[in-house]
Structure formats: structure tokens, C-alpha cells
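The structure under discussion appears below in the form of C-alpha cells.
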Amino acid sequence: MIDQLTENLLRRAFEPLVRQGQLDVALPWGRELRFGDGSEPRARIRFADRRAIWALLRDPDLNFGEMFMQERLVVEQGTVYDVLALVLRGARDVPVSASVRMLDAWRMRLRPILQNNLRGKSRANVAHHYDLDDRLYQLFLDPERQYSCAYFEHGDETLEQAQQAKMRHIAAKLLLEPGQRVLDIGCGWGGLSRYLAEVAGAGHVTGVTLSTEQLEGARQRAAASSSSARLEYRLEDYRDTRGPFDRIVSVGMFEHVGTQFHDAFFRQCRELLSDDGVMLLHFIGNSDVPDFNNPWIERYIFPGGHIPSMSEFTPAIERAGLVICDIEVLRLHYAQTLRIWRERFMARRAEAVALYDERFCRMWEFYLSMSETAFRYQDIAIFQVQLARRQEAVPLTRDYISTREAQLRQQEAAGGAS
């Protein structure tokens with residue numbers, strides 16, 4: 001009786017989601033359910049115990065990843081990416097149940113607690129993800145360690161080419177002039193700041209980060225740079241930085257600020273920016289209404305993180321007195337980036353197991369797979385927001401971007417700024 005009830009609930013959950021392709025679900029008592037139209041792609045999962053099924057039905061956002069990590073949900077055909085793609089690509093058109101709506105409403109109420117990113121909590125949150133063994137990131141990132149969305153101008157570029165194009169695109173939007181002072185908030189391993197100094201000709205670039213591992217890597221690479229005298233890296237919270245700066249750039253950091261601190265972030269950026277200054281903010285954004293952080297990502301990958309909607313961050317920009325000069329939405333660029341990262345990680349998975357263990361590798365496989373499907377099938381994209389104190393600081397049309405990108409390509413070929 002219980003097994004039949006469980007099967008009925010699984011059918012109710014999966015049938016509306018899996019319309020194309022085929023998903024086979026093997027149950028602990030020997031039965032198997034099949035969903036979809038039998039076409040490609042195909043995948044097969046097996047539940048190791050009854051409680052794993054009920055966990056998934058009760059809270060799929062959290063427990064799908066947990067059951068996979070614990071090997072209580074085992075992918076026997078295809079990959080976990082294939083399973084997620086089968087389930088998520090039709091999810092937007094499926095109404096959510098009353099119980100899921102209640103759970104979602106509760107998680108929305110928890111947002112202020114989870115995103116209470118004061119200085120100490122921000123430091124701990126960053127350490128949770130970015131202070132992992134540096135060799136882990138070597139497995140799948142490009143040599144410049146760009147741990148953010150690449151920019152695919154044509155779609156068939158290598159990861160290295162696309163990450164170079166991303167830095168070029170950002171530098172062009174910054175309207176950087178030789179000799180200017182630049183602040184890089186959340187500088188990572190320093191790849192972008194080195195590009196701004198070596199290629200774009202910045203007079204001085206200050207990078208701030210809360211990751212001790214990234215700080216050490218950035219400083220080591222700066223020491224070997226031809227522009228080492230113009231590069232400075234600090235272990236510093238953006239709220240403690242002092243200016244002014246002619247240009248401010250921040251890539252992949254704003255997602256860690258939290259909605260409660262949007263006002264503080266943009267007020268600080270305005271304070272740090274010179275009167276004629278320009279800022280470029282590159283981050284993951286939600287193209288839909290405001291939402292909560294995915295609970296599995298919150299627990300295991302990015303605690304305290306948040307993917308903001310336009311309606312959440314633009315009012316804070318207005319209140320800070322900054323002018324929005326341009327917003328570009330990069331659709332599917334991150335899906336392509338994550339696909340390459342996932343394939344590289346899986347190709348060297350044995351090395352990751354040697355660094356950590358099997359459970360950690362299943363967690364990272366799920367993280368990369370879920371993130372890729374989110375960018376492919378849900379309302380997630382990259383926002384590039386250009387800001388200034390004065391609207392006259394930026395040209396009237398966007399023609400300057402391609403012109404400056406062409407100049408930067410020439411400087412790249414020549415080995416740096418003249």
C-alpha cells in the first residue's frame with residue numbers, strides 16, 4: 001500500500017516535468033517507472049532506499065543534491081547533468097504544489113537571516129568556497145583563473161579565448177585611460193586586474209578580496225608580471241576600502257553582498273568613485289521576480305549568497321546617487337562556461353578525489369551540473385551594469401565598445417599597452 005502510494009506520488013512529480021526524452025526510475029522494491037516520450041536524451045536513476053524517495057518528494061530543491069551526494073540517488077545511465085536537464089527544461093511551465101509554495105514562502109522569510117553578511121560572516125562565507133585547495137581550481141579553470149562567466153563572441157571559442165574576450169569587453173566598458181587608478185572588488189586570483197595593468201594601461205590597480213588563498217595566488221602572479229609595480233592586492237572588505245578611484249570593477253562578487261547590504265555597497269562605490277569615474281559591475285542576476293537562494297547551494301557551496309533581480313538592486317543604485325549608463329544581459333554565456341568547466345572537472349575527477357574524497361567530488365559534479373542547467377533552462381543570466389556619478393562620463397552610444405575592443409586586441413598582440 002505504501003509502495004503504491006509512493007509510486008503514485010513519483011508519477012505526479014515527474015510526469016509533468018519529463019515530456020521529452022526518457023527518464024527511468026528504479027525503486028528499492030524492484031519496480032521501475034518510466035517518464036517521457038522515449039526519445040533522446042535518456043537517463044536512469046535508482047533510489048537506494050524508501051526514505052530517499054520521500055526526502056526528494058518532500059524538498060527536491062535541497063534533497064536532490066543531498067541524496068546524490070549520499071549515493072542514495074544513483075545515476076545508472078547518463079550523468080546527473082542529463083537527469084537535471086530532463087527535469088528542469090520543462091519545469092517553468094509546471095505549476096508548483098501548495099506544499100512547495102509554503103516551503104518557498106518560508107525560505108523567503110529566512111533570507112534576511114541567511115544573508116546577514118556582516119564583516120565576520122562575509123569572511124567565513126568566502127573561506128567556505130574560495131579557500132579550498134588551490135589545486136582544485138587548477139583542474140578546470142583557464143590559466144588566468146577566471147572563476148566567472150566567460151564571453152563567447154561567436155560561440156565556438158575555447159575557454160581561454162572566451163575568458164580573454166570577457167576581460168577585453170569589461171576593459172572596453174570601463175573606458176580606461178592610461179595612468180588611471182582602478183579598484184577591483186573581489187579580485188579573485190587577479191587575472192582581470194593584471195589585464196587592466198598590462199594590456200589596458202591602468203596606472204595602478206588595487207584588488208581587494210576576503211580569500212587568503214586567492215590573495216596569495218594574486219600576489220604571486222603579480223610578482224611575475226611586467227606591471228608588478230602597478231598591482232596591489234589586499235585582504236580587505238570593500239566596506240573598509242578608501243579611495244578615490246577613477247574606475248571600479250567588480251566581477252562575480254555582488255552575488256555575495258546580500259539584499260540587506262545593497263544600499264551599503266552602492267553608497268560605498270559612489271564614495272570611492274571620482275567625479276568623472278566609471279564602474280562596471282558583472283554578476284549573476286535573476287531575470288524573474290525576487291527569489292531565495294537555492295537551499296542546496298546555500299548549504300554546501302555559497303552560504304550567504306543571493307542572485308538578485310533587477311527590482312532588488314536598481315532601487316539601491318538610485319538611492320546611492322549613481323547613474324545607470326548601460327545594462328547588458330549575457331544569456332547562455334555562463335551555461336557554455338559551466339559546460340566546459342564540468343567537462344574538464346570530470347576528465348580529471350580522479351585528481352579531485354585524491355585531493356578530497358568521493359563525496360566531495362559528487363558534490364562538485366552536482367554543483368557544476370545544477371548551475372549549468374539553471375543558466376540553460378531557468379531565469380538566470382549575467383548582468384553587466386555600467387555606472388557613473390555623472391551621465392556625461394560615458395559616450396552617448398555604445399559604438400565605443402567595439403572600437404575600444406579593437407584597440408585592446410592590438411595591444412594584446414603587441415604584448416601590452418604602449
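The values are calculated or read from the model by the stated rules, or taken from the named source; none is laboratory data. This is a predicted model, so every value here is computed, not measured. Cβ: placed from backbone, ideal geometry, glycine included. Neighbour counts: every protein chain shown. Each accessible area value is taken on the protein alone, full model and side chains, heavy atoms only, with ligands, DNA and RNA left out. Shrake-Rupley method; radii C 1.70, N 1.55, O 1.52, S 1.80 Å.
The residues of the chain expose, per residue, 44 Å² of accessible area to a 1.4 Å probe. Over region 118-238, the reciprocal of the mean inverse Cα-Cα separation, the Kirkwood hydrodynamic radius, stands at 14.8 Å. Compared with the dominant principal axis of the Cα atoms in the chain, helix 2-14 is inclined by about 40°.
Roughly to the nearest percent, how much of the accessible area of region 1-85 is carbon and sulfur, given a 1.4 Å probe? Carbon-and-sulfur percentage of accessible area, whole number: 47. The accessible surface of region 283-418, taken with every protein chain in place and a 1.4 Å probe, is 50 percent carbon and sulfur.
Note on the chain: with charges restricted to the Cβ of Lys and Arg (+1) and Asp and Glu (-1), its dipole about the Cα centre is near 600 debye.
Sparse packing (at most 11 other Cβ atoms within 10 Å of the Cβ) combined with a DSSP loop state is found for none of the GluC sites (Glu not before Pro) in region 141-215.
Across the chain, the relative contact order, built from alpha-carbon pairs under 8 Å that are at least six residues apart, equals 17 percent.
Could you put Leu235, Leu330 in order of accessible surface area, largest first, with the 1.4 Å probe and the full protein assembly present?
Leu235, Leu330
Summed over qualifying helices (DSSP H, 4 residues or more, each -39500 (n - 2.57)) and divided by its residue number, the chain shows a 222 nm mean residue ellipticity of -14500 deg cm²/dmol. Within region 196-266, the trypsin sites (Lys or Arg not before Pro) that combine a DSSP coil assignment with at most 13 other C-beta atoms in a 10 angstrom radius are Arg242. With the alpha-carbon atoms of the chain aligned to their principal axes, the span from lowest to highest coordinate is 74, 43, 40 Å, starting with the largest. Of the whole protein surface, Ile297 contributes about 20 Å² of accessible area at a 1.4 Å probe radius.
With a 1.4 Å probe rolled over the protein heavy atoms of all chains, the accessible area of Arg362, Arg44, Arg331 falls in the order Arg331, Arg44, Arg362, largest first.
Here the Debye sum runs over all C-alpha atoms of region 210-251 as equal scatterers in vacuum, and log10 of I(q)/I(0) at q = 0.17, 0.18, 0.34 Å⁻¹ comes out as -0.57, -0.63, -1.14. Rounded to the nearest whole angstrom, the semi-axes of the ellipsoid equivalent to region 173-235, taken from the Cα gyration tensor as √(5λ), stand at 18, 12, 8, largest first. Using only the Cα atoms of region 69-166, build the gyration tensor, take square roots of its eigenvalues as a ≥ b ≥ c, and label the shape rounded, prolate or oblate: rounded if a/c is under 1.5, else prolate if a/b is larger than b/c, else oblate. Cα axes put region 69-166 in the oblate bin. Compute the helix-to-body angle for 333-347: its Cα long axis versus the longest principal axis of the chain, expressed 0 to 90° and rounded to tens. Here the helix axis deviates by roughly 70 degrees.
In a DSSP loop and with at most 16 other Cβ atoms within 10 Å, there are no chymotrypsin sites (Phe, Trp or Tyr not before Pro) in region 75-172. Here the Karplus curve 6.51 cos²θ - 1.76 cosθ + 1.60, taken at θ = phi - 60°, turns the phi angles of region 113-125 into couplings of 6, 5, 9, 7, 8, 5, 4, x, 5, 4, 4, 5, 4 Hz, with x standing for Gly and Pro. When each of the peptides 350-360, 186-196, 282-292, 59-69 is scored by the mean number of other C-beta atoms lying within 10 Å of its residues, the order from highest to lowest reads 186-196, 59-69, 282-292, 350-360. Each principal axis of the Cα cloud of region 162-308 was evaluated for its coordinate range; sorted largest first, these ranges are 44, 33, 32 Å.
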